[in-house]
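Student: Sharing a structure here in structure tokens format.
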Amino acid sequence: MNPYTTRFLAFASLLTAPALALAQDEAPSETAPAESAAPSSRSRSALAVGLRSHSLSVEATPPEAPAFVVDLEHPMLPHLTVFGGFHLGMGMDAVGLQAGSRLYVGNQPFQGLFLGLQAEGTFFKRDEQTSGTRTSVGGLLGYSQTLGEQWRVSLGAGADVSQTRSETVEPPTPGCILFTPCLLTRRETHVEKQEAVRPLVRLAAVYRF
């Protein structure tokens with residue numbers, strides 16, 4: 001499937017799922033009054049599915065593609081949550097893990113204005129010759145909007161500081177291809193390290209259960 005089509009479908013489903021859930025929540029319910037009056041502030045976890053992008057970065061050539069992100073978030077204190085999960089490059093060229101914490105300014109977790117701090121580790125592959133790893137630490141300022149009883153939509157923006165280590169294996173020269181013994185020798189590898197400050201944007205649909 002075309003990468004642009006994949007990104008469009010992921011983005012559309014991300015926005016459509018909470019809207020459908022909201023319409024379902026607004027339908028008449030036969031829940032008993034005692035059950036419907038249950039406090040919403042009880043400790044519950046949340047599953048967030050979203051997109052994260054560094055595409056605004058001027059340091060990446062070409063710009064890094066958005067990543068599909070899945071997080072499991074759990075409240076530790078009334079306003080403080082911890083989360084962890086994985087991310088996958090939309091072009092299937094990167095995979096990694098992330099973990100962090102969010103501080104919600106409002107009265108409840110997963111709702112209202114929040115400050116987030118997270119760390120990430122990523123393995124990527126640019127082409128057949130180049131691969132590497134990236135570690136980063138960053139912060140986000142965001143807002144989470146309630147949609148129905150269990151769904152939220154969150155949007156955050158911030159920046160992270162990353163360290164990237166890439167290895168490029170030199171391809172065989174045309175002359176080497178003509179001689180089989182030459183192909184058996186170890187090819188030269190170039191190692192490159194980079195540090196960068198990258199803008200960060202994250203959009204997610206959050207299901208609280």
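Student: Quick one: would you say Val95 is exposed (fewer than 14 other Cβ atoms within 10 Å of the Cβ), in contact with a Leu (Cβ under 6 Å, 6 or more places away or on another chain) and not charged (D, E, K, R)?
Tutor: Answer is no for this residue.
Student: Within segment 124-140, identify whether any single residue is within 20 Å of Leu77 (Cβ to Cβ) and either crowded, with 18+ Cβ neighbours inside 10 Å or in contact (Cβ under 8 Å) with a residue 12 or more places away in the chain (or both), and answer yes or no.
Tutor: yes
Student: Take the residues of segment 193-209 that are among the hydrophobic types (A, V, I, L, M, F, W, C) and exposed (fewer than 15 other Cβ atoms within 10 Å of the Cβ): which is modelled with the highest pLDDT?
Tutor: Val197
Student: Check whether at least one residue in segment 66-85 is assigned to a loop (DSSP other than H, G, I, E, B), modelled with pLDDT under 85 and buried (at least 20 other Cβ atoms within 10 Å of the Cβ), and report yes or no.
Tutor: Checked against the condition, which is being assigned to a loop (DSSP other than H, G, I, E, B), modelled with pLDDT under 85 and buried (at least 20 other Cβ atoms within 10 Å of the Cβ), segment 66-85 yields no hits at all.
Student: May I pose another question? Filter segment 75-87 down to the residues that are free of Cβ contacts under 8 Å to residues at least 24 places away in the same chain and closer than 19 Å to Ser154 by Cα and list them by number.
Tutor: The answer is Val82, Gly84, Phe86.
Student: For Gly148, indicate whether it is surrounded by fewer than 17 Cβ atoms within 10 Å (Cβ to Cβ), touching a Leu at 6+ places or on another chain (Cβ under 8 Å) and either within 20 Å of Gly89 (Cα to Cα) or touching a residue at least 12 places away in the same chain (Cβ under 8 Å) (or both).
Tutor: So Gly148 passes the test.
Student: If Asp160 satisfies every condition in (1) under 30 Å from Thr189 (Cβ atoms); (2) of a type outside the set (Ser, Thr, Tyr); (3) more than 16 Å from the chain's Cα centre (by Cα); (4) buried (at least 16 other Cβ atoms within 10 Å of the Cβ) but one, which is the exception?
Tutor: (3)
The values are calculated or read from the model by the stated rules, or taken from the named source; none is laboratory data. This is a predicted model, so every value here is computed, not measured. Cβ coordinates were reconstructed from backbone atoms using ideal geometry, including for glycine residues, and neighbour counts include every protein chain displayed.
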